[in-house]
1. Just tell me which lysines come within less than 26 Å, Cα to Cα, of Lys275; anything on the same chain fewer than 8 places away is out.
2. Over the stretch 258-390, what relative contact order in percent results from Cα pairs under 8 Å that are six or more residues apart?
3. In what order, largest first, do Ile232, Ile91 sit by accessible area if the probe radius is 1.4 Å?
4. Where only protein heavy atoms count, and the probe is 1.4 Å, what is the accessible area per residue for the stretch 199-327 in Å²?
5. Two decimals, Cα atoms only, Kirkwood Rh: what is Rg/Rh over the stretch 266-307?
6. Rounded to the nearest whole Å², what accessible area per residue is found for the stretch 56-132 with the 1.4 Å probe?
7. Across 10 Å bins from the origin, how do the percents of Cα pairs in the stretch 329-414 run, short distances first?
8. With the calculation restricted to Cα positions, what are the radius of gyration and Dmax of the stretch 324-370 in angstrom?
Amino acid sequence: MSLAHAPLDRACDEGRRWSAAAVLNRRTMLKALGGAVTLVATEAVHTQVALAAPGYTGDTLVVLSLRGGFDGLSAVVPGGDRAYYDLRPTIAVPRSRLLQLDGTFGFHPSLAPLLPLWKKGNLAVVHGVGSPDPTRSHFAAMAEMERAAPGTSLRTGWLDRTLGGRGVAQDDAFAAVQIGSPTAPQSLAGPAPELATSSLSGFQLTGPRDDADRRRWSTCLSTLHTQGPTTIVAPGRTALTAADRLATLPGAAATSLYPAGDLGESLADVARLVKAGVGVQVATVDCGDWDMHENLGAAGDGWMSDKLTELAKALAAFATDLGPALSKVTTVTMSEFGRRAVENGSGGLDHGHGNAMFVLGGGVNGGKVYGAWPGLEDDQLVEGALAGSTDYRAVIGEVLTQRCGAGSLQDVFPGLATGSPLGLVRRG
């Protein structure tokens, strides 16, 4: 499983175990590849990219997972709901500082870099999003969200099922490439082939001294991987093929647009692949450090403000970097759960449920907060948390059908009830 990591001294006990488990998984994969390819793990951001099979003409779907339990109520603040300020007496964002979106909601002031995209109609929010099988365990919630098949025995992930529905060949080395971690997230678990790396710059053979030496190494390693157990030789062949392909990409992306840090670097890599026209179908970026049980920040400042600033600057830079290519890219944010509506005694927020999702892209009907607002009064909360009035699968499903050429969603999201679309995106 690919997970982003909150600094261990700030995450909850389960978050610390979750981080340690992911580190162990990465080391295991490095050993399996024999160390021939450098895979540099980042501390808080992982990126996964699936390169398109020939003929795919839909949008590149970028899934930005905000790991650790993102608090949508701090980001897209329901300032028009009077209960919000009663529930959060010390950490609420003052109404005077909100970037007002409509009569109910306002952006946290640290999301100011996203406001031009909102006004231009490229950015929308769906609030009150939840899982049909909610839990407050990081492990379980993330696993179920990436499996996205409640009530079934399926063990594949929804991204893998999406790729499979497009007829990606089993021997297609570029059907799924993951950057940011040498192990795939559960959303990509399944029969589709996958390739993993931490970054484009880090994906290279580490032994060769020059190009001639690199060709000899490549030939030698390719020969070594012509026979043996499929579970060993197949990933090796995939890595070697991808290294040759990625070495032909144009130079570095416009990284100066991006804020310093792993998130900006990862989105810059995704933009580089999209603009290079290699046919990216799916790109997944993980951004951690949202598990804010304490010291979230008073009156809109502090830890939450810093994280939202990084998020907003990175997404704004991504849109700028893509330029006209944004018309064929849709980015959605996800998190395993939201936080409780009421602040705790440590100036933080414990695990909750309902949340907000951002949707960014050229085909988005933006400038609007979608979804039925559940409300924050006592009788509207679910065990102290915002209710989930919109299934997160319905949000993604609309993007898949309207922008990514999907037909029926039953193979991707089995059991998902067919409802009226939100109108979130235009058919591409």
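1. By straight Cα distance, Lys275 reaches Lys119, Lys120, Lys313, Lys328.
2. Numbers: 177 pairs, mean separation 29.6, N = 133.
RCO, the stretch 258-390: 22 percent.
3. Values: Ile232 95, Ile91 10 Å².
Putting Ile232, Ile91 in descending order of accessible area: Ile232, Ile91.
4. Details: 5720 Å² over 129 residues.
For the stretch 199-327, the solvent-accessible area averages 44 Å² per residue.
5. Numbers: Rg = 16.1 Å, Rh = 12.9 Å.
Rounded to two decimals, Rg/Rh equals 1.25.
6. On the way: 2410 Å² over 77 residues.
Per-residue accessible area for the stretch 56-132 comes out at 31 Å².
7. Over the stretch 329-414, the share of Cα pairs per 10 Å bin runs 15, 39, 30, 14, 2 percent.
8. 15.2, 47
The values are calculated or read from the model by the stated rules, or taken from the named source; none is laboratory data. Note that the structure is predicted; figures quoted are calculated from it, not measured. Note: ideal-geometry Cβ built from the backbone for every residue, glycine included; neighbour counts use all protein chains shown. Accessible surface is based on the protein model in full, side chains and every heavy atom, while ligands, DNA and RNA are left aside. Shrake-Rupley method; radii C 1.70, N 1.55, O 1.52, S 1.80 Å.
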